[in-house]
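Asker: One structure, as structure tokens, below. Some questions next.
The values are calculated or read from the model by the stated rules, or taken from the named source; none is laboratory data. The model shown is predicted, which means the values in this text are computed figures rather than measured ones. Cβ placement follows ideal geometry from the backbone for every residue including glycine, while neighbour counts extend to all protein chains displayed.
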Amino acid sequence: MTQAQADLPPIETLFNPHSEEYMTDPVPGCLALLKRGRLVWYEPWQAWIMTNMKDIMQCWKEEYLSSDFYDWEFAPQRPPEDQWSNFERAMIGHSLLADHDHHRLVRRVTAPAFSRNVVDKIQERIEPDVKKLFDDLGQPESFDYITEIAQHIPFISITRMVGIPEKYWPDIRKVILTFTETWNPTISDERREAARQDSNRAIDIIREVIAERRAEPQQDDFLSTLLRIEADNPEFEEWDIVTLILALVGAGADTTLVAQQWSVYSLLKHPEQAEAALATPEAFSNAFSEINRWGVSSKMGFARYAPADMEVLGHQVRKGQMILMMPHLKDYDSDYYPEPETFDVARKFDPDVLFGYGPRYCIGAALAKRQLYLTLTELFKRFPNVSLAEEPARDETDHNAIVFKQLRLKTNL
């Protein structure tokens with residue numbers, strides 16, 4: 001460390017994603033962290049933070065760090081296979097955290113399940129449910145978008161897309177949203193273990209649904225497609241199906257709920273751009289990248305782990321240490337984006353790294369954006385003069401993102 005760096009205040013005094021200051025305005029903290037260096041030690045989390053976008057993209061592309069939760073120095077000891085619970089079977093050796101070769105196999109064989117044609121069919125399947133949500137809402141003077149609409153969308157989408165029968169939904173809804181907490185370094189061991197047990201119960205339900213679908217395979221949904229892929233590819237097995245569904249339901253539901261809030265909030269703060277943003281699914285795809293850039297809702301990043309003692313960006317990193325890649329730090333960097341304070345749904349993103357980059361690019365990105373587009377177009381169709389009823393208060397209890405306690409809208413009918 002140079003003398004100039006030693007004289008700087010501890011980075012945790014400038015960057016604290018769980019502080020009221022960050023929730024109110026995350027930009028100063030993100031810029032302070034970005035400017036501190038390409039790899040920064042963050043004492044509160046006992047983790048390194050990778051700040052530079054070029055370095056992050058190279059790490060995504062080359063995969064020189066581990067994605068395996070059990071390689072983290074603070075993870076519970078990796079149990080022997082004869083003691084694995086559902087959680088271990090999903091997290092060890094399968095599609096979420098698989099070795100490079102198997103992960104590429106999973107992506108290759110499942111690509112047809114995420115094609116444009118499939119996404120179009122999924123939209124047709126969930127559109128009646130979205131319309132019913134708004135029908136049930138009626139024409140109130142005002143309403144909370146989160147409780148009335150946003151909280152229901154991820155579950156509707158997954159129910160129709162994956163093909164999980166609605167009879168299972170009350171049980172799986174209770175346990176699936178905590179999946180992303182199982183590898184969060186900022187929460188207590190007790191909370192992480194509770195999330196692990198929730199994941200075990202969710203996987204029991206998913207496997208029961210898979211068994212039912214094997215008995216009645218001729219259904220036009222994502223799960224039936226995966227079962228056909230399994231039949232044609234010996235190296236693709238049931239646990240790959242489980243982890244794919246777990247990723248879509250767990251991580252997808254969590255992030256989609258955040259995206260719903262920020263998409264509505266951003267467009268209502270800039271109503272003159274709503275029409276352009278929602279002109280077509282392709283226009284919204286680009287607008288959604290701007291919504292995420294402008295909102296800076298992230299608190300953390302993408303977790304990776306050092307597979308051995310190694311040098312990373314000029315620093316000695318010990319085996320097992322976490323390295324958090326934080327691509328959102330660039331979002332208000334004027335060297336990366338011209339006029340970053342300006343919200344512009346036509347802003348060019350090249351490359352667009354919102355959903356990752358390289359081999360680990362989020363395979364469900366198109367699905368996530370399409371369900372958002374469908375819901376927002378319905379909102380503005382029903383309430384063309386909709387506006388914010390008040391500036392929403394931030395919810396400090398969310399472990400992963402800046403979210404709102406409520407998002408009250410005036411319909412102005």
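Asker: Return yes or no: is residue 112 in a helix (DSSP H, G or I), surrounded by 15 or more Cβ atoms within 10 Å (Cβ to Cβ) and either touching a residue at least 40 places away in the same chain (Cβ under 8 Å) or touching a strand residue (DSSP E or B) at 6+ places or on another chain (Cβ under 7 Å) (or both)? Working first, answer last.
Answerer: Working: in a helix (DSSP H, G or I): yes; surrounded by 15 or more Cβ atoms within 10 Å (Cβ to Cβ): no; either touching a residue at least 40 places away in the same chain (Cβ under 8 Å) or touching a strand residue (DSSP E or B) at 6+ places or on another chain (Cβ under 7 Å) (or both): yes.
So residue 112 fails the test.
Asker: Kindly indicate which of 409, 379 is part of a strand (DSSP E or B) and at pLDDT 95 or above.
Answerer: Working: 379 fails: part of a strand (DSSP E or B).
None of the others qualify; the one that does is 409.
Asker: Which residues, counting only those in segment 116-164, are farther than 17 Å from residue 404 by Cα, of a type in the set (S, T, N, Q) and surrounded by fewer than 15 Cβ atoms within 10 Å (Cβ to Cβ)?
Answerer: 117, 139
Asker: Quick one: what pairs do we get from segment 305-327, first residue β-branched (Val, Ile, Thr), second crowded, with 19+ Cβ neighbours inside 10 Å and not in a loop (DSSP other than H, G, I, E, B), C-beta under 6 Å, 6+ apart or different chains?
Answerer: Pairs that qualify, where the first residue is β-branched (Val, Ile, Thr) and the partner is crowded, with 19+ Cβ neighbours inside 10 Å and not in a loop (DSSP other than H, G, I, E, B), are 323/48; 323/50; 323/304.
Asker: Identify, from the list 81, 62, the residue that is out of contact with any Leu (no Cβ under 9 Å at 6 or more places or on another chain), over 30 Å from residue 39 (Cα atoms), exposed (fewer than 15 other Cβ atoms within 10 Å of the Cβ) and modelled with pLDDT of 80 or more.
Answerer: Values: 62 fails: over 30 Å from residue 39 (Cα atoms).
Going through 81, 62 in turn, the sole match is 81.
Asker: Counting only residues that are part of a loop (DSSP other than H, G, I, E, B) and surrounded by fewer than 20 Cβ atoms within 10 Å (Cβ to Cβ), how many does segment 382-391 have? Please lay out each step first, then the result.
Answerer: Step one: filter segment 382-391 for residues part of a loop (DSSP other than H, G, I, E, B), giving 383-386, 389-391.
Restricting the remaining residues to those that are surrounded by fewer than 20 Cβ atoms within 10 Å (Cβ to Cβ) gives 383-385, 389-391.
Here the count works out to 6.
Asker: How do the helices (runs of 4 or more DSSP H) wholly within segment 238-355 filter down when requiring 1 or more residues that are of a type in the set (Gly, Ala, Ser) and under 19 Å from the mean Cα position of the chain (by Cα): which remain? Lay out the reasoning, then the answer.
Answerer: On the way: elements: 238-246, 252-269, 274-277, 281-295.
Fully inside segment 238-355 and qualifying: 252-269, 281-295.
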